[in-house]
Amino acid sequence: MTGRQFLNGVLTVAVLVAIIGLYRLTPTQKDIQDPTPVNGIVGRAVDAGRFKLTVDAVRVGKTLKIPNSAPDRKTPTSFVVVDATVTATQEPIHLNRVQIRSSDGITYLGANRSDLDRVDLTGFQFAPGIPAHGAFVVEMPADKLPGATLQVMEKSIMNDLEPEVNIPLDVKSPDVSPVVTFTKASDS
C-alpha cells in the first residue's frame, strides 16, 4: 500500500464519518414542529411569553368536590389537583392543553368531568396583567406522580414552536386524601 492509497482511505473514512455526523445532527420534522419547552420549578413564576404560570401546590384525592356541583366525582385512580396562578401578559388567552407526563413517559390529559370546565383554570379566560388563581385537574394513578411533570400550553393544536411550560411537580410520595376540594378559578 502506497502513501497515496493510505491517504485516500483515511480521507474516505473521514468523509463518511462527517456525513453520518451531519445526518444525526440534522433536525427532524418532529424537532421542527415540537413545542419549545420553558422549564420551571414549583413555587416560582415561569414566563412563557404570552402567560406566566406559578404552581402553588399539588394535592391528590380519590374523590373530587366541585364547587356548586353535585354529586362529588369519584375515580378508580386519583385526582391530581394542581393549584396555580396564571397571568396573561399581552392579551386575553385560554390555556387549552394541560397534561401531566409521568417519569415513564405516559401522558395523562386534564380531567374532562362534567361541570369541571366551568370552575377550573382550563375553562377560564385570563385577562392581561390580572393574576387568576385556581386549579388544573388531572386523573392519573397516584403512584405515577413521583417524577411527573406538569405541561401547559395555550394551544392544543397547531402549536409548532409554541412555548410549553414544563414544571416538575416534585412529589416524592403522594399523600392521597379521601376528598379533594378546590375553589372556583377567579381573578380576585
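Cβ contacts < 9 Å: first residue in contact (Cβ under 8 Å) with a residue 60 or more places away in the chain, restricted to the stretch 162-174; second residue open to solvent by 40 Å² or more (accessible area, probe 1.4 Å) and hydroxyl-bearing (Ser, Thr, Tyr), any location; separation 6+ or different chain. Result? Once the first residue is in contact (Cβ under 8 Å) with a residue 60 or more places away in the chain and sits in the stretch 162-174, its partners that are open to solvent by 40 Å² or more (accessible area, probe 1.4 Å) and hydroxyl-bearing (Ser, Thr, Tyr) give 162/36; 163/36; 164/36. Among residues of the stretch 112-128 being under 27 Å from residue 39 (Cβ atoms) and in contact (Cβ under 8 Å) with a residue 40 or more places away in the chain, the one that is most open to solvent (accessible area, probe 1.4 Å) is 128.
Taking the criterion of being farther than 17 Å from residue 61 by Cα, surrounded by fewer than 21 Cβ atoms within 10 Å (Cβ to Cβ) and within 15 Å of the chain's Cα centre (by Cα), the residues of the stretch 129-152 that qualify are 147, 149, 151. Cβ separations smaller than 7 Å between residues 6+ apart or across chains give the following pairs from the stretch 61-79 residues that are under 14 Å from residue 118 (Cβ atoms) to residues that are open to solvent by 80 Å² or more (accessible area, probe 1.4 Å): 67/183; 67/184.
For the stretch 157-184, a residue qualifies if it is under 29 Å from residue 129 (Cα atoms), under 19 Å from the mean Cα position of the chain (by Cα) and either charged (D, E, K, R) or surrounded by 15 or more Cβ atoms within 10 Å (Cβ to Cβ) (or both), and the qualifying residues are 159, 160, 162, 163, 164, 165, 166, 167, 168, 169, 170.
The values are calculated or read from the model by the stated rules, or taken from the named source; none is laboratory data. Just so you know, these numbers come straight off a predicted model, no measurement behind them. So basically every Cβ, Gly included, is an ideal-geometry build from the backbone, and we count neighbours across all protein chains shown. Each accessible area value is taken on the protein alone, full model and side chains, heavy atoms only, with ligands, DNA and RNA left out. Shrake-Rupley method; radii C 1.70, N 1.55, O 1.52, S 1.80 Å.
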